[in-house]
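The values are calculated or read from the model by the stated rules, or taken from the named source; none is laboratory data. A quick note: this is a predicted structure, and the numbers were derived from the prediction, not measured. FYI the Cβ positions are ideal-geometry reconstructions off the backbone, even for glycines, and counts take in every protein chain you see.
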Amino acid sequence: MTNTELVEETITFVKETLQHAEGGHDWFHIQRVFNNSILIAKSEKVDLLVISLGALLHDIADAKFHDGNESIGPKMAKTFLESMEVDKKTIHHVINVINHISYKNSLEKGKKKRFNSLELQVVQDADRLDAIGAIGIARAFNYGGFKNRAMYDPAISPNLKMTKSEYKKSDAPTINHFYEKLLLLKDKMNTETGRQLALQRHQYMLDFLEQFYKEWDPLEVREI
Ligand code: ADP
Ligand code: NI
């Protein structure tokens with residue numbers, strides 16, 4: 001099988017698997033991450049097959065929707081790649097990408113030698129880009145709606161000077177998520193292309209928040 005055929009087969013598999021996925025984690029999220037990965041990869045010397053397969057398979061079974069079980073996705077991906085007779089080295093690398101891409105895992109402490117590769121960094125940047133900017137805003141409110149959360153509550157209104165524990169409450173309004181995560185992502189980008197794209201998207205979120213607060217209460221000037 002050629003690499004192009006393998007990628008096509010993987011696309012079909014991922015589309016089928018994600019048929020009933022929630023809107024923020026559906027096939028179109030995968031497609032955007034895939035496209036942005038390829039875009040970022042143009043400026044890097046990387047293994048394009050690992051990037052393509054990593055991007056396509058990175059959210060195949062999100063732990064949030066599988067009782068917090070983080071091993072289901074990588075296991076499904078491995079079984080699929082083995083069934084496609086992909087070489088062991090590529091499978092190993094792709095599974096490492098999937099296992100280490102998430103924001104939570106990237107903050108994980110206590111492990112001395114964490115896996116890292118330029119391929120992981122590229123797909124991670126593409127995944128982070130999809131959490132910010134116009135798409136990121138849409139995904140956040142979509143996820144908040146899915147969880148039945150308020151959009152915003154002035155009584156527990158966050159700002160950039162607060163510490164994480166002050167705005168991180170499990171059922172906090174969706175606006176709080178911007179401060180907990182989305183506004184921090186621009187400083188976590190790995191590649192130069194990713195950083196440039198993130199800066200534009202970051203500014204778009206700041207503009208959004210400014211407008212949001214203005215519309216929420218035109219009589220109160222509120223700092224971001
Ligand atoms: P990752 O891609 O790092 O695994 P998640 O799966 O946690 O990120 O999040 C996927 C999408 O859902 C992102 O767009 C993220 O901003 C959004 N999301 C996650 N948690 C929340 C939350 N508490 N409120 C609003 N949106 C959220
Ligand atoms: Ni993702």
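Counting only helices (runs of 4 or more DSSP H) wholly contained in segment 164-224, the ones carrying 3 or more residues that are free of Cβ contacts under 8 Å to residues at least 12 places away in the same chain occupy 192-216. When the residues of segment 148-157 are filtered to those that are in contact (Cβ under 8 Å) with a residue 40 or more places away in the chain and not in a helix (DSSP H, G or I), the one that is surrounded by the fewest Cβ atoms within 10 Å (Cβ to Cβ) is Ser157. What are the residues in segment 34-52 that are over 15 Å from the mean Cα position of the chain (by Cα), in a helix (DSSP H, G or I) and either within 15 Å of ligand 1 (Cβ to nearest atom) or surrounded by fewer than 22 Cβ atoms within 10 Å (Cβ to Cβ) (or both), if any? Listed by number, the residues that qualify are Ile38, Leu39, Leu48, Leu49. Scanning segment 148-157 for residues that are within 7 Å of ligand 1 (Cβ to nearest atom) and among the hydrophobic types (A, V, I, L, M, F, W, C) yields a count of 0. Could you list all residues from segment 1-33 that are part of a loop (DSSP other than H, G, I, E, B) and either surrounded by 18 or more Cβ atoms within 10 Å (Cβ to Cβ) or in contact (Cβ under 8 Å) with a residue 24 or more places away in the chain (or both)? Selection gives Met1, Leu18, Ala21, Glu22.
In the condition set (1) at pLDDT below 95; (2) closer than 22 Å to His58 by Cβ, Lys168 is compliant with all but (2).
Residues considered: Ala61, Ala55. Of these, the only one that is buried (at least 16 other Cβ atoms within 10 Å of the Cβ) and in a loop (DSSP other than H, G, I, E, B) is Ala61. The set of residues in segment 4-50 that are within 18 Å of Ala126 (Cα to Cα) and of a type in the set (Ser, Thr, Tyr) comprises Ser37, Ser43. For segment 127-147, the candidate set comprises residues that are at pLDDT 95 or above and outside any helix (DSSP H, G or I); within that set, the residue that is farthest from ligand 1 (Cβ to nearest atom) is Ile132.
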